[in-house]
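First comes the structure, then the notes that go with it.
The values are calculated or read from the model by the stated rules, or taken from the named source; none is laboratory data. From a predicted model like this one, the values you see are computed outputs, not experimental measurements. Heads up, the Cβs are rebuilt from the backbone with ideal geometry, glycines too, and the neighbour counts pull from every protein chain shown. Protein only, heavy atoms only, side chains kept; ligands, DNA and RNA dropped before computing areas. Shrake-Rupley method; radii C 1.70, N 1.55, O 1.52, S 1.80 Å.
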Amino acid sequence: MSSTPFSLYIPRDSGMHRLHPLTKLALVGFALILGLFLPGDWLTYLAFVLVILPLAAWAGILPRFLPAVLKTALPIVVSLFLVQGLFWPGGTPIFHLGPLSLKQEGVTFAIRSAGRFIMVISSFLLLTFTTRPDGLMLALSRHGVPNSIAYVMLATLQIVPRFQAKANTILDAQRSRGLETEGNLFIRLRALFPLIQPLLLGSIVDIEERAIALEVRAFGRAGPKTSLLMLHDTPAQRVVRWLLLLASLAIIGWRVYLGLAA
Amino acid sequence: MNLDVEEVSFTYPGGVEALRDVSLTIAAGEAVAIIGENGAGKTTLVKHLNGLLKPTHGRVTIGDWDTREHSVARMAARVGFVFQNPDDQIVEQTVGDEVAFGPRRLGRAAPDALADATAALEQVELAAESKTHPYDLTTPQRKLVTLASVLAMHTPVVIFDEPTMGQDARGVALIGRIIETLKAEQRTVIIITHDIDFCATHFERVVAMANGRVLADGPAGRVLARADLLATTNVEPPQLIRLAQALGLAAAPLSVDEFIRAWTRRNEPDRRA
Ligand SMILES: Nc1ncnc2c1ncn2[C@@H]1O[C@H](COP(=O)(O)OP(=O)(O)O)[C@@H](O)[C@H]1O
Ligand SMILES: [Mg+2]
């Protein structure tokens, strides 16, 4: 199957790709909860290495997955360390850089937040890289999720590549009129300003057109709909999904208990 | 300034081979129309002419510049490019500022850029709207604004990607007049169009594309008269040529005058033979 427009889906013939979309959702959701609710600063990273990375490797997408995670997370992670590490109010200095000093508490906070951020980004990317958006939407609505909510989830997953494609077109149009976008970081940042208006206005126009398109295609009609897409599910996968759900709830419960006990 | 496309192939990152071994030379002052069905590679080809895309194989030169060696922003001084969709181009809050954007980026002082913008807006008959927010105009009007934005840059080469799409008869006539003005000024005009009658009226040379290749390239009268070839690109010859062919005339008239001349001389001895 070729890639669908405006989705990050990477077509591969892997076990991960063949899983039922809900099983993937459960796996990735479990990894996310593991990362966000485990206590301590390092367990999040452990969840990334022990759950997310093996899944990405199983899907055969590591060479594209790792750079994507890095590219998305790096700017935030670096600024977290700089801002929290250097400007933590009070705190214990562990390192002096001229007039500034790196604070123990700030660094700890940055490690914790960066881990969570990486976890959120990587589970989002893992899901979108391995799941056809139409398959996910179908799976959700088959399992009783209202169409409108399934659609909102889907649209959210698609918003990144849509924005990317549109931003590139706009940037091309600006470059063609002499806006310099190649060169040092400053030039490239400055080139981003003229993007804002067409991106925002364009998105509003898009939303309206999508709404009309959905309406004329009977999106609001009640009752089940037939789909051309076939989803493959197995009893084993159903069991795994329930186990993952229970495990996720257990982690949350345990964390709440720890919080109450403290 | 000549445009040279030398044995260019281009493959998109996704793997679509959009151009296959295309060679084309366009001399300064030529008016060239590129036709062909959707997906033929027309937009991909013209995006090579201002460096937005760099050839996977082959070479594109604009005058003495190889597009690989210059940024698109620098190329903008030589090649103006009007995109298909106006909503991807407009960045300013008023029509006047929008049209002045290009001249400003090319380094012209504010008063000069403003004068360029005013003149260009007069050309597209939107001078009265210079203080209007572009999004308060209709889509065809916004398209004319993007046209003016490029006219104001006074580039020796101007490229239009489907300029008449969505315009009413008056808009099409206006764009036709603008193209004639550019031709009179000896500027190179390159257009992508599905409007075959428009193409016959204003362009001396026609390039027909299909599947990333150039199928035919030559004088409009010759390319547009080849119904067999046009059929493979899903295009019909212009009405006048079809009428002439149906009447058994040997000529391929591109204008009403040419048609009348061919018709009145139909009984003269065939000089083609
Ligand atoms: N950004 C892109 N990424 C991948 N493929 C593309 C892109 N733009 C165009 N294509 C493909 O390249 C081919 C030629 O497209 P294009 O040059 O836009 O054709 P035309 O302008 O003649 O309609 C088509 O098959 C199209 O799907
Ligand atoms: Mg096109």
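Scanning segment A:49-69 for residues that are loosely packed, with under 13 Cβ neighbours inside 10 Å and within 15 Å of the chain's Cα centre (by Cα) gives a single hit, A:PRO67. Just wondering, is there one or more residues in segment B:21-34 that are within 12 Å of ligand 1 (Cβ to nearest atom) and farther than 30 Å from B:ARG108 by Cα? Within segment B:21-34, one or more residues are within 12 Å of ligand 1 (Cβ to nearest atom) and farther than 30 Å from B:ARG108 by Cα.
Examine segment A:45-68 for a residue that is assigned by TED's automatic domain parsing to the domain that holds A:PRO99, within 17 Å of A:THR108 (Cβ to Cβ) and in contact (Cβ under 8 Å) with a residue 12 or more places away in the chain, and state whether such a residue exists.
Yes, that holds for at least one residue.
Counting only residues that are touching a residue at least 24 places away in the same chain (Cβ under 8 Å) and in a helix (DSSP H, G or I), segment B:114-147 holds 17 of them. Taking the criterion of being of a type outside the set (Gly, Ala, Ser) and either within 14 Å of another protein chain (Cβ to nearest Cβ) or touching an Asp or Glu at 6+ places or on another chain (Cβ under 9 Å) (or both), the residues of segment A:146-171 that qualify are A:LEU154, A:PRO161, A:ARG162, A:PHE163, A:GLN164, A:LYS166, A:ASN168, A:THR169, A:ILE170, A:LEU171. Cβ separations smaller than 6 Å between residues 6+ apart or across chains give the following pairs from segment B:22-38 residues that are under 13 Å from B:VAL157 (Cβ atoms) and open to solvent by less than 10 Å² (accessible area, probe 1.4 Å) to residues that are within 16 Å of ligand 1 (Cβ to nearest atom) and not hydroxyl-bearing (Ser, Thr, Tyr): B:ILE26/B:VAL32; B:VAL32/B:ILE190.
B:ARG213 meets all of the listed conditions (1) touching a residue at least 12 places away in the same chain (Cβ under 8 Å); (2) away from chain A (no Cβ under 14 Å); (3) more than 16 Å from ligand 2 (Cβ to nearest atom) but one, namely (3).
Picking from residues in segment B:49-64 that are of a type outside the set (S, T, N, Q), within 15 Å of ligand 1 (Cβ to nearest atom) and surrounded by fewer than 22 Cβ atoms within 10 Å (Cβ to Cβ), the one that is nearest to the other protein chains (Cβ to nearest Cβ) is B:LEU52.
Which of the residues spanning segment B:95-125 are within 12 Å of chain A (Cβ to nearest Cβ) and farther than 19 Å from B:THR155 by Cβ? Result: B:ASP97, single match. Just one residue in the set A:VAL160, A:VAL145 is assigned to a helix (DSSP H, G or I) and hydrophobic (A, V, I, L, M, F, W, C); that residue is A:VAL160. Listed by position, the strands (runs of 3 or more DSSP E) enclosed by segment B:148-218 that each have at least 2 residues that are within 23 Å of B:ALA120 (Cβ to Cβ) are B:157-161, B:188-192. Beta carbons closer than 6 Å, at least 6 apart along the sequence or on distinct chains, never pair a first residue in segment A:162-175 that is outside the structural domain of A:LEU199 (by TED's automatic domain parsing) and farther than 23 Å from B:LEU106 by Cβ with a second that is among the acidic types (Asp, Glu) and within 14 Å of ligand 1 (Cβ to nearest atom). The residue pairs whose first member lies in segment A:115-139 and is basic (Lys, Arg), whose second member is open to solvent by 10 Å² or more (accessible area, probe 1.4 Å), and whose beta carbons are closer than 6 Å, counting only pairs six or more residues apart or on different chains, are A:ARG116/A:LEU36; A:ARG132/A:TYR9. Scan segment A:190-199 and tell me whether some residue there is more than 9 Å from chain B (Cβ to nearest Cβ) and under 24 Å from the mean Cα position of the chain (by Cα). Yes. Restricting attention to segment B:74-95, the residues that are over 11 Å from B:ARG142 (Cα atoms) and open to solvent by less than 10 Å² (accessible area, probe 1.4 Å) total 6.
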